[in-house]
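Scroll down for the structure; my scribbles are underneath it.
Bear in mind these aren't lab numbers, they're just calculated from the coordinates by the rules spelled out. Please read these numbers as outputs of a predicted model, since none were measured by experiment. Cβ placement follows ideal geometry from the backbone for every residue including glycine, while neighbour counts extend to all protein chains displayed.
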Amino acid sequence: MSAYGTTKLSVNLNKVALLRNQRDVGYPDPVAAGRTVLKAGAHGLTVHPRPDERHIRRADVHAIAEMMAVEGWRRRGIELNIEGNPFDSYMDLVAAVRPDQATLVPDGPTAATSDNGWDVLAESDRLADRIAALHELGARVSLFMNAEKDGARAEAVMAKAAGIGADRIELYTGPYAQAFATEARQAVLEDYVRTAEAAVKAGLLINAGHDLTTENLGPLHNALPRLDEVSIGHAFTADALWMGLEGAVRAYLDALGARPSRSRHVA
């Protein structure tokens, strides 16, 4: 655990829904999976509904939000995070569900997965309008961002992100995960440290996500000046095949050196 406090674990339920969608039998249920990981000590749930609903569906988002409200999770500080490109349909969903956090991701409707961060210098006007609207809906806003190789650009990008109203960034950690087992690991990690330092300087909090595992999570966590939250879905779900959902929560909390949420077993 770092000086700034426990890094929170938000479990992404998309891959549970993807498995459910392979057969018309209704299971595994993302709502039940969400309840299980929260009881095991996860600090929040993440969903990233796509327009084609190939994994999490809009109905799932409503059901997950209802479960968290009815069972008292959100009253105890457990958070719901909705990711997506802020098209009108995304904004309508946020307005209906009122998540704690809205993570804005610049992926197209046909993207297989999130694979790039925002160019906030080019898209600042659109993002500023959407961020302001999301704040009015009561959501904290995080922008999905690339790690920068140049320190001056990192500072400019993070200053712009803060200037248009973002509360946090989420570092896109795909390149870090790809480099982890190679000779490029340290150089790539330094890009993330540089970018995180620029974010801290700009007054932003820091999330991270994409291809994080129990193996590569700890070194990233230990290197960054701060890390407030990680969102993990694919590796988490894969690990749960061997460990179970509860075991996977424990393994990722251990990798972070984090305590379980105080709200575990509340329901």
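Within the stretch 90-109, being part of a helix (DSSP H, G or I) and surrounded by fewer than 17 Cβ atoms within 10 Å (Cβ to Cβ) holds for 91, 92, 95, 96. Only one entry of 63, 17 meets the criterion of being farther than 25 Å from residue 217 by Cβ and surrounded by 15 or more Cβ atoms within 10 Å (Cβ to Cβ), and that entry is 63.
Residues in the stretch 212-228 that are part of a helix (DSSP H, G or I) and touching an Asp or Glu at 6+ places or on another chain (Cβ under 6 Å): there are none. Every test in (1) of a type in the set (Lys, Arg); (2) over 20 Å from residue 48 (Cβ atoms); (3) in contact (Cβ under 8 Å) with a residue 12 or more places away in the chain is passed by residue 140 save one, and that test is (2).
When the helices (runs of 4 or more DSSP H) confined to the stretch 120-195 are screened for residues that are acidic (Asp, Glu), those reaching at least 3 such residues are found at 124-136. Within the stretch 148-166, none of the residues are under 21 Å from residue 256 (Cβ atoms) and out of contact with any Cys (no Cβ under 8 Å at 6 or more places or on another chain).
Is one or more of the residues making up the stretch 199-211 of a type outside the set (D, E, K, R), over 18 Å from the mean Cα position of the chain (by Cα) and not in a helix (DSSP H, G or I)? Yes, the stretch 199-211 has at least one match.
For residue 129, state whether it is acidic (Asp, Glu), at negative phi and touching a strand residue (DSSP E or B) at 6+ places or on another chain (Cβ under 8 Å). No; evaluated as a whole, the condition is false for this residue. Taking the numbered list (1) closer than 21 Å to residue 209 by Cα; (2) surrounded by 14 or more Cβ atoms within 10 Å (Cβ to Cβ); (3) not aliphatic (A, V, I, L, M) in turn, residue 74 passes all entries but (1). Checked across the stretch 117-126, the condition of being surrounded by fewer than 21 Cβ atoms within 10 Å (Cβ to Cβ) and either β-branched (Val, Ile, Thr) or under 17 Å from the mean Cα position of the chain (by Cα) (or both) holds for no residue. Among the numbered conditions (1) closer than 23 Å to residue 47 by Cβ; (2) within 15 Å of the chain's Cα centre (by Cα), the only one that residue 177 does not meet is (2).
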